[in-house]
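Student: Please read through the structure below; I'll follow up with questions.
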Amino acid sequence: MTDPHAPRWQGRRRAREGALQILYQVEVGQLGVGDASMLRAMVGAPDDTFDLDDASQAYADALARGALEQRADLDARLADAARNWRVERMAVVDRLVLRLALHELMAHPSTPPRVVIDEAIELARRYSGDQAARFVNGVLDGVFKKLRDEGAIVE
């Protein structure tokens, strides 16, 4: 039996990956979000590039813009959850995955929190490795519990 939501969720998965690539280009390449968004599918090895449909591209752009616009608040929450780790000292990809996931948790309540966290773990694993995936899992779990206790998100 096929999942009727599979195309939507696959698009969201790709959108998150696209958003991470946009954020990376903004952070490392010092590009604006618009330029990074346009260049996203042209950067990298041919096997790693992919096109996004219009809805997925819009979601990727929204995630990237939101994570950038809310960076100060997101970093404060991440610093609180990642004791003994200053956000600016985290590996770039790990920091961006965390910002992206935390923004999605807080600003896009239509996606279940566990889906957001699982997707962030997979992004960290793919782009940064198994240790990064464990780190992202631990930090997001702490942030999620605090947000849930504050009533800021619902499970």
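Coordinate-derived values only; no laboratory data. All values reported here derive from a predicted model rather than from experimental measurement. Cβ coordinates were reconstructed from backbone atoms using ideal geometry, including for glycine residues, and neighbour counts include every protein chain displayed.
Student: Which order do the peptides 139-147, 100-108, 77-85 come out in when sorted by mean C-beta neighbours inside 10 angstrom, highest first?
Tutor: My ranking of the peptides, most packed first, is 100-108, 139-147, 77-85.
Student: Testing the spin-label approximation: label points 7 Å from Cα along Cα→Cβ at Arg134 and Glu122. State their distance in nm.
Tutor: 2.2 nm
Student: What FRET efficiency comes out for the pair Val92/Asp54, r = Cβ-Cβ distance, R0 = 30 Å, nearest 0.05?
Tutor: 0.55
Student: Under 18 Å from a point 7 Å along the Cα-to-Cβ line of Trp85: which residues of segment 137-155 have their amide N that close?
Tutor: Counting backbone N atoms under 18 Å from the label point, the list is 137-147.
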